[in-house]
1. Under the Karplus relation 6.51 cos²θ - 1.76 cosθ + 1.60, θ = phi - 60°, what is the ordered set of whole-Hz ³J(HN,Hα) values for region A:119-128, x standing for Gly and Pro?
2. Cα gyration tensor of chain B, axes a ≥ b ≥ c as square roots of the eigenvalues: rounded (a/c below 1.5), prolate (a/b > b/c) or oblate?
3. Which ³J(HN,Hα) values in Hz, rounded to whole numbers, follow from the phi angles of region A:5-20 under the Karplus curve 6.51 cos²θ - 1.76 cosθ + 1.60, where θ = phi - 60° and Gly and Pro get x?
4. Where does the protein assembly as shown land at 222 nm, in deg cm²/dmol rounded to the nearest 500, when only DSSP H runs of n ≥ 4 count, each adding -39500 (n - 2.57), divided by all residues?
5. Considering the dipole of the protein assembly as shown built from charges on the beta carbon (Lys and Arg +1, Asp and Glu -1) around the Cα centre, which of B:7, A:81, B:28 is farthest to its positive end?
6. For the pair residue A:34 and residue A:57, how long in nm is the line joining their label points, each one 7 Å along Cα→Cβ?
7. Rounded, prolate or oblate: which fits chain A when a ≥ b ≥ c are the square roots of the eigenvalues of the alpha-carbon gyration tensor, with rounded for a/c under 1.5 and prolate only if a/b beats b/c?
8. Quick one: if you stick a label point 7 Å off each Cα along the C-beta vector at residue B:203 and residue A:85, how many nm between them?
Amino acid sequence: MFSPRVIPCLLLRNLGLVKTVKFKNPTYLGDPINIVKIFNDKEVDELMFLDIMATVENKRPPFKLLEKVASEAFMPLGYGGGIRTLEDIKTILGLGIEKVIINSYAVENPAFIRQAADFAGSSSVVVSMDVKKNRWGKYEVFTHSGRKATGLDPVKFAVEMANIGAGELFLNSIDRDGTMQGYDLALITRVASAVNSPVVACGGARTVQDLEAAVKQGGASAAGAGSMFVFQGPHRAVLISYPTSQELKTAFGE
Amino acid sequence: MIVVVDYGLGNLGSIANMLKKIGAHAVVSSDPAVVEKADKLILPGVGAFDAGMKNLETRGLIPLLNYRVLEQKTPILGVCLGMQLLCKRSEEGQLPGLGWLDAEVIRFKFDGNIANLKIPHMGWNTLTVRQPYPLFADLEAENRFYFVHSYHVVCADRGNVLAQTNYGFDFASAVVKDNIMGVQFHPEKSHKFGMRLYKNFTERV
């Protein structure tokens, strides 16, 4: 049986893992390798790592850390943050991380997405878009970890990126990030119905039912989440968790 | 010694990581002298069919692989594109494949009520093992593997289909002919199930 992927999305900041709320107020969670080992033991479907400071501080991807991650995690892995050259992509794929996630640079230099897809194959190239409602209530794509408005409409941008080779679109709602109030299903539906490429939805998940809604109602191919897998209880105590395969089977059913 | 054949395409890092984890004696190499000495071979691969064949060709590996696999019967496991290269041809490219299996590779096509299935087939899926075989020892009852592919293998001889998987319809997700094995999924990215499969390849095949 084919099952939609459920993906913990982990944020790196100065080589530590953090979790944000609406892209602000990062809470420190712990050492990335320890947390990766726990997720590996829980046999998660896939893991995504996003270095939220790499582009902002003009830093290179943390290759050493990624190498350690890849030797501890035996599931599909994606990395995003500060990727700007084919050489970066070659290095990351060589470590055993099969997806590169590109956000700010896809806006700055869209031709790079085509080059990346020609070089690595579309299925290794994920374009990530951070979306927020602007002051006129319209969805808009932001880059640089939510700091920079682009004026781009997420649906148009997603279609353009899919057409030039993005094998997958990572769609993150800044307004829902860390809030655990459920996904922005309207946003997911708009983007997922406009492209043939798989969409990974992220931002707002609290329960398995939320994950299910992103896929069944929103049309996402995969459900990503942060807080849901790293916090527990009203005081947001750090505790790594992941639904059991039985819970996921019940949710996504045959 | 297992040699993971490096022909410039693919998931070498992750296969090497998993072989190391299970304690297998393995090297990644494109050196014909090393391939010459392999007890077992793994043909990895991610990317386009023609790029794969061209890279094998320019490294001068095709005659050597033919000799090692067809004459000397060295066990070989093709993974993902590596499985597709075992076949005669692919819809994806112009170049002939290695042709060791009487099979061809075609693109997923969906119509009717499954027309909305996304291509590539990307994600976790299960296998139905059709015949007992050491590669799938302890994996018949429960398994789950990670797939990423837009093309799939069609065997002329159904007897070569070792396992099948459903994505819109049943397709061959693992094949076997004598010492030649292929899997469409990525065992190196499939947790304990993938570890079991590589362990089986290392110890039981």
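Just so you know, all these numbers are worked out from the coordinates, no wet-lab data involved. A quick note: this is a predicted structure, and the numbers were derived from the prediction, not measured. Here the Cβ is made from the backbone with ideal geometry for all residues, glycine too, and neighbour counts use every protein chain on show.
1. Residue by residue, region A:119-128 yields 6, 10, x, 3, 5, 9, 10, 10, 9, 9 Hz.
2. On the way: a/c = 1.59, a/b = 1.22, b/c = 1.30.
Judged from the Cα gyration tensor, chain B comes out oblate (a/c at least 1.5, b/c at or above a/b).
3. Residue by residue, region A:5-20 yields 7, 10, 10, x, 10, 10, 9, 9, 8, 6, 6, x, 8, 9, 9, 9 Hz.
4. Working: 16 runs with 133 residues, N = 459.
So the helix-based figure for the protein assembly as shown works out to -8000 deg cm²/dmol.
5. So the residue furthest toward the plus end is A:81.
6. 2.1 nm
7. rounded
8. Calculated label separation equals 4.4 nm.
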